[in-house]
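Q: Dumping the structure here so I can ask a few things about it.
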Amino acid sequence: MFVVESAGLAILFCIVTMLGWGSWANTQKLAGKEKWAFELYYWDYGIGVFLTGIVLAFTLGSAGSSGMSALANFGQAEAGPAASAFASGALFNISNILLVAAIDAAGMSVAFPVGVGLALVIGTFASYVQSPKGNGALLFAGVALVLLAMAMSAIAHSKLPRSGAAGRFKGVIFAAVAGCLMGFFYPQLMASISPDFNRGSISPGMLTPYTALVFFGIGLVLSNFIVNTIFMRAGGWRAGDYFRGSARLHCLGWMGGAIWMVALGFNVIASGVAGPAVSYALGQGATLVAAIWGVAIWKEFRNAPEGVTKFLVAMFAAYSIGLALIGSASL
């Protein structure tokens, strides 16, 4: 299987994660412009995640002489690690749908600081406790600056028109639950993977990163039949609505899932050198990438009043410095 051996390549892979996690939602935005509901889009997104996991397992996961191939690892995997990776996929799936519901109910000014902020803090702390690799002082200083950036984003978004108090409260509940679940999906996934995989050593019964991604994808897809079906019914959509979508709309969903899963794959591979906490925290810089898309491409602040620009500048500055500190923590 392919592994990362240098810190520089590990940081590069984490940057790819940041770009992928921050950009996949553009496919949903494009689908939404054609009145394609997120619930319908999300079926294709889940399929894209699952299929990409399989492709990674039988390409990078089966190439080279390090460790063991994906097929061999499937044969010796024990139920515990497989169940852990499966549960990670289900946790992420539930949290991702809830975060979208929070954005719909209360807007990004509430959903992102609460949801992504909680996920960043919980996920980084839990990953560091599980595998304390990297400079803890630099890592958590970077996390603090990312949280400051999220606060600046919240202030900037609060200047835009928002829904009423009832919708905002509902959004806070959704975002808080989403953040807690999203914070634990990554440590749950890493618990299934052999800790010394980047040295070619796979502990008996444990998974390689690539087989873990396959079980993760299975957990996401199967849980989607429960979770997304609930959201489908709540939104008044039926299964037949999905099959009336055009080939372009379905391709957008598959592409979104593929982009997100490639980013996760690169992040997990990089964790062998950078450490899970650094990899996850740096990958969560995706919020900066998403903010750039929102401001520069989707013009989310085109109707913002005067005085908002300074908060946006502060947000980008805090994110940039924070991500630099997180990246330095692995060197």
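The values are calculated or read from the model by the stated rules, or taken from the named source; none is laboratory data. Since we're looking at a predicted model, the values are computed, not measured. Neighbour counts are summed over all protein chains in view; Cβ atoms, including those assigned to glycine, are modelled from backbone coordinates with ideal geometry. We work out accessible area using only protein heavy atoms, side chains counted, and drop any ligands, DNA or RNA first. Shrake-Rupley method; radii C 1.70, N 1.55, O 1.52, S 1.80 Å.
Q: Taking helices (runs of 4 or more DSSP H) that fall entirely within segment 165-252, which contain at least 2 residues that are touching a strand residue (DSSP E or B) at 6+ places or on another chain (Cβ under 8 Å)?
A: 209-235
Q: Among (1) in contact with a Phe, Trp or Tyr (Cβ under 7 Å, 6 or more places away or on another chain); (2) farther than 21 Å from Met232 by Cβ, which single condition is Glu5 missing?
A: If we test Glu5 against (1) in contact with a Phe, Trp or Tyr (Cβ under 7 Å, 6 or more places away or on another chain); (2) farther than 21 Å from Met232 by Cβ, just (1) comes out false.
Q: Further question on the same structure: Find the residue count for segment 57-77, including only residues that are open to solvent by 20 Å² or more (accessible area, probe 1.4 Å), part of a helix (DSSP H, G or I) and in contact (Cβ under 8 Å) with a residue 24 or more places away in the chain.
A: Of the residues in segment 57-77, 4 are open to solvent by 20 Å² or more (accessible area, probe 1.4 Å), part of a helix (DSSP H, G or I) and in contact (Cβ under 8 Å) with a residue 24 or more places away in the chain.
Q: Name the pairs whose Cβ atoms lie under 9 Å apart, with the first residue in segment 217-242 and modelled with pLDDT under 95 and loosely packed, with under 11 Cβ neighbours inside 10 Å, the second of a type outside the set (A, V, I, L, M) and in a helix (DSSP H, G or I), and 6 or more positions between them or separate chains?
A: Going by the 9 Å Cβ cut-off, the qualifying pairs are Ala234/Glu39; Ala239/Thr229.
Q: Further question: Answer yes or no as to whether Met255 is open to solvent by 50 Å² or more (accessible area, probe 1.4 Å), assigned to a helix (DSSP H, G or I) and at pLDDT 95 or above.
A: Yes.
Q: Looking only at segment 288-313, filter to residues that are in contact with a Leu (Cβ under 8 Å, 6 or more places away or on another chain) and within 27 Å of Gln188 (Cα to Cα); which one of those is surrounded by the most Cβ atoms within 10 Å (Cβ to Cβ)?
A: The extreme case among them is Leu288.
Q: Can you tell me which residues in segment 22-49 are under 30 Å from Ser330 (Cβ atoms) and open to solvent by 30 Å² or more (accessible area, probe 1.4 Å)?
A: Ala25
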